[in-house]
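Contents: one structure, followed by commentary.
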Amino acid sequence: MLKQPLKNHVAVLLDVSGSMSQLLPQVKKIFDNQIEFLRKTSVLNEQETRVSVYAFSNNVECLIFDVDVARPMEIRQLKAMSSTSMLDAIGQSLEDFKLLPEKYGDHAFIVYVLSDGEENTSRNFNAQTMKKLLSQLPENYSVCAFAPTVNAVTLLKAY
């Protein structure tokens, strides 16, 4: 009998707000490196890994949803725009994950946030609702962040 492989669902959230304008080339490079790492790890561990990508500034846009990491995946030129709806991006990705079936196999859900942590325009989630949402996540969910400075790490830890 065949065993179901572990299924990883990974969301990568890219901050494309104005405060990230100087960092966007690095964000693209980190994204590319992370996707390559996920590809190699998926094959090495005989796991299925599916990726979703969101870009956020004053709005949240899903660029790729639940695509096999083995497929070619490229983020074209990232363009910095105004404000930051980071909490909305995290919340939307978690809500989207809830739509994916978990009936068979062992599923893991991971959200990676690439941001400087400067939240200022989320309309659907705030610090209080985000803390509540994060505290209610099942054990197979993780949220982590890549941050460029110590200040950004402090801001992100606050959520």
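The values are calculated or read from the model by the stated rules, or taken from the named source; none is laboratory data. Small disclaimer: the values here were computed from a predicted structure and weren't measured. All Cβ positions, glycine included, derive from the backbone under ideal geometry; neighbour counts span all protein chains shown. Protein only, heavy atoms only, side chains kept; ligands, DNA and RNA dropped before computing areas. Shrake-Rupley method; radii C 1.70, N 1.55, O 1.52, S 1.80 Å.
For the reader, a short list of remarks on this structure follows.
- Residue 42 vs. criteria of a type in the set (S, T, N, Q), open to solvent by less than 30 Å² (accessible area, probe 1.4 Å) and closer than 20 Å to residue 152 by Cα: no
- Sole exception among (1) open to solvent by 60 Å² or more (accessible area, probe 1.4 Å); (2) modelled with pLDDT under 95 for residue 78, by number: (1)
- Where a residue in segment 127-153 is more than 22 Å from residue 107 (Cβ to Cβ) and its partner, wherever it lies, is part of a loop (DSSP other than H, G, I, E, B) and of a type in the set (A, V, I, L, M), with Cβ under 9 Å and at least six apart: 127/158; 153/147
- Where a residue in segment 89-104 is open to solvent by less than 30 Å² (accessible area, probe 1.4 Å) and its partner, wherever it lies, is of a type in the set (D, E, K, R), with Cβ under 7 Å and at least six apart: 100/66
- Pairs are defined by a Cβ separation below 8 Å, a sequence spacing of at least 6 or placement on different chains, a first member in segment 10-32 that is within 27 Å of residue 70 (Cα to Cα), and a second member that is charged (D, E, K, R) and open to solvent by less than 10 Å² (accessible area, probe 1.4 Å); the pairs so defined are 27/15.
- Within segment 89-111, none of the residues are in a loop (DSSP other than H, G, I, E, B) and more than 30 Å from residue 4 (Cα to Cα).
- Segment 105-137: number of residues that are farther than 19 Å from residue 80 by Cα, in contact with a strand residue (DSSP E or B) (Cβ under 8 Å, 6 or more places away or on another chain) and open to solvent by 70 Å² or more (accessible area, probe 1.4 Å): 1
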